[in-house]
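Structure first, then comments.
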Amino acid sequence: MSRLGKMPHWQKWFVIVGMSSCSLSGVAYLIGRHLEIHRPILGSHLILALHGVGAILATLALGSALPFHLKAGLQSKHKRISGISQLSFLGLLIITGALLYYGSEDLREIAINLHWSIGLLFFSMFILHTIKASNK
Ligand code: HEM
Ligand code: HEM
């Protein structure tokens, strides 16, 4: 069976650690800051800072997947829907993340809501894509 798209071991773990640290810290901050559950801990600056570092790692990990994994994955004809969707979600997360920093104040509320909604969709798709990949 074709294993086109399979990543080298180091890259697989780099992508999993990068995407998970970014997503889990983002979910934690969402729960703490916006749902007000355990706010002093989950909604703290430390968690937001961890999210920022996670986002840097995730972007680096995405960059490492661009030159080979995408092309080989598309050629293998497997996991196209989850692969292309998570790639699009990541693009939107980078754009809305940039808006959170540099966008106008009027846009901030919309950018926050878009950002975390897309973030939840992305993380679900990533889990599906990666777990299903390990069984095949
Ligand atoms: C065009 C979009 C994409 C396609 C068609 C695609 C396709 C695939 C395929 C076919 C596999 C299974 C490889 C195998 O086990 O034989 C796979 C695994 C995987 N993909 Fe993607 N992928 C895409 C985008 C992405 C993106 C953007 C990421 C990063 C966020 C990603 C992360 C992973 C990871 C971590 C695995 C598991 C690695 C492994 O088992 O070797 N993929 N993908
Ligand atoms: C590569 C993907 C991602 C990037 C580049 C990214 C980037 C960013 C940036 C730059 C900020 C602003 C930080 C600040 O104000 O200091 C932010 C905030 C945030 N992100 Fe992400 N993020 C990503 C993924 C996610 C995911 C998967 C979630 C999961 C829900 C998420 C949830 C949040 C939340 C809740 C905030 C705080 C919004 C606020 O109330 O100010 N992010 N993100």
query = Failed condition for G43, given (1) touching a His at 6+ places or on another chain (Cβ under 9 Å); (2) at pLDDT 95 or above; (3) more than 10 Å from ligand 2 (Cβ to nearest atom), with all others met?
reply = (3)
request  = Please give the number of the condition G52 fails out of (1) farther than 18 Å from I16 by Cβ; (2) surrounded by 18 or more Cβ atoms within 10 Å (Cβ to Cβ); (3) within 9 Å of ligand 2 (Cβ to nearest atom).
outcome  = (2)
request  = Return the total of residues in region 17-30 being surrounded by fewer than 16 Cβ atoms within 10 Å (Cβ to Cβ) and either over 18 Å from T59 (Cα atoms) or under 10 Å from the mean Cα position of the chain (by Cα) (or both).
outcome  = 1
key: Where a residue in region 118-131 is within 17 Å of H69 (Cβ to Cβ) and its partner, wherever it lies, is outside any helix (DSSP H, G or I), with Cβ under 8 Å and at least six apart   = H129/K79
remark   = When K79 is run through (1) surrounded by 13 or more Cβ atoms within 10 Å (Cβ to Cβ); (2) of a type outside the set (D, E); (3) within 12 Å of ligand 2 (Cβ to nearest atom), the failure sits at (3)
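The values are calculated or read from the model by the stated rules, or taken from the named source; none is laboratory data. Since the model is a prediction, treat every value here as computed from it, not as a measurement. Methodologically, a virtual Cβ is constructed for each residue, glycine included, from the backbone with ideal geometry; neighbour enumeration extends over all protein chains shown.
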